[in-house]
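J.: Take this structure first; my questions come after.
The values are calculated or read from the model by the stated rules, or taken from the named source; none is laboratory data. Everything numeric here is computed off the predicted structure, so don't read it as measured data. No Cβ is skipped: glycine too gets one built from the backbone with ideal geometry, and neighbour counts run over all protein chains shown. Surface accessibility is based on the protein's heavy atoms, side chains included, excluding ligands, DNA and RNA. Shrake-Rupley method; radii C 1.70, N 1.55, O 1.52, S 1.80 Å.
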Amino acid sequence: MSDETAAGAEGEAAAPGMNILAQYIKDLSFENPNSPKSLQPGEQPKLDINVNVGANPIGEDQFEVIITLNAKANTPEQVLFAVELVYGGVFQITGVPQEHMHPFILIECPRMLFPFARNVLADTTRNGGFPPLLLDPIDFAALYRQNLAQAAAAQQAAAGENGEAKPN
C-alpha cells in the first residue's frame, strides 16, 4: 500500500458500503379457498396489499432485513386468493454513520430486496391459477417516514394517557 493510500484511509471515514450476504423466503403462504369456483372468469376483484419492513441486528455490522407482503383479492361473493410472503436478506453494512444507520437499513436494504420478493409473489399467484400479481415499485423512504409519524403519534397518545388526569 502506498503512503498516499494509507494516509487517505486513515484521514477519511470509509465510504458507505452494503453487501447482500444472503436472501431467502422466510415464510410463504398462498390460499385459494374457493377453488375451482374462484378461477372462473368474473368481475374484477378488489385487491388489498399491505407492506411492512423490519430489521434485526445479527452481528456487529450485519442485519437481517425482512419485507412482509400481504395481498388479498376478493369479490363481494368470495375470496379469490390470499398470499403472505416474508422475504429476508442478510446485509453487511460498513461506513454508514450511526445516526444514519436506521433509515439506511429500513430504506436501502428493502429497496434491494423488493425486486426479488416481487418476483416470488408474481410466481406464486401465477402458480395458484391467477394472473401474476405484479406490484408497483414501493417508495421505501415514504414508507419509512409514514412509520416514523405513526410511531410518534402513538408515543404522544401514550404520553397523554400517562399524564395528568383529564377533567370529566
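J.: Among the residues that make up segment 94-109, is at least one of them free of Cβ contacts under 8 Å to residues at least 24 places away in the same chain, more than 17 Å from L143 (Cα to Cα) and of a type outside the set (D, E)?
T.: yes
J.: Suppose we keep only residues that are hydroxyl-bearing (S, T, Y) and modelled with pLDDT under 75 within segment 1-56. Which one would you say is least open to solvent (accessible area, probe 1.4 Å)?
T.: It comes out as S2.
J.: Next up: Can you tell me which condition P115 does not meet? The list is (1) open to solvent by less than 60 Å² (accessible area, probe 1.4 Å); (2) modelled with pLDDT of 90 or more, and all the others hold.
T.: (1)
J.: Go through segment 131-142 and give me each residue that's in contact with a Pro (Cβ under 9 Å, 6 or more places away or on another chain) and surrounded by 15 or more Cβ atoms within 10 Å (Cβ to Cβ).
T.: Listed by number, the residues that qualify are I138, F140.
J.: State yes or no: is E77 over 20 Å from K46 (Cα atoms) and of a type in the set (D, E, K, R)?
T.: no
J.: Follow-up question, since we're still on this one. Right, E99: over 28 Å from F30 (Cα atoms) and either among the hydroxyl-bearing types (S, T, Y) or at pLDDT below 90 (or both) or not?
T.: Yes; evaluated as a whole, the condition is true for this residue.
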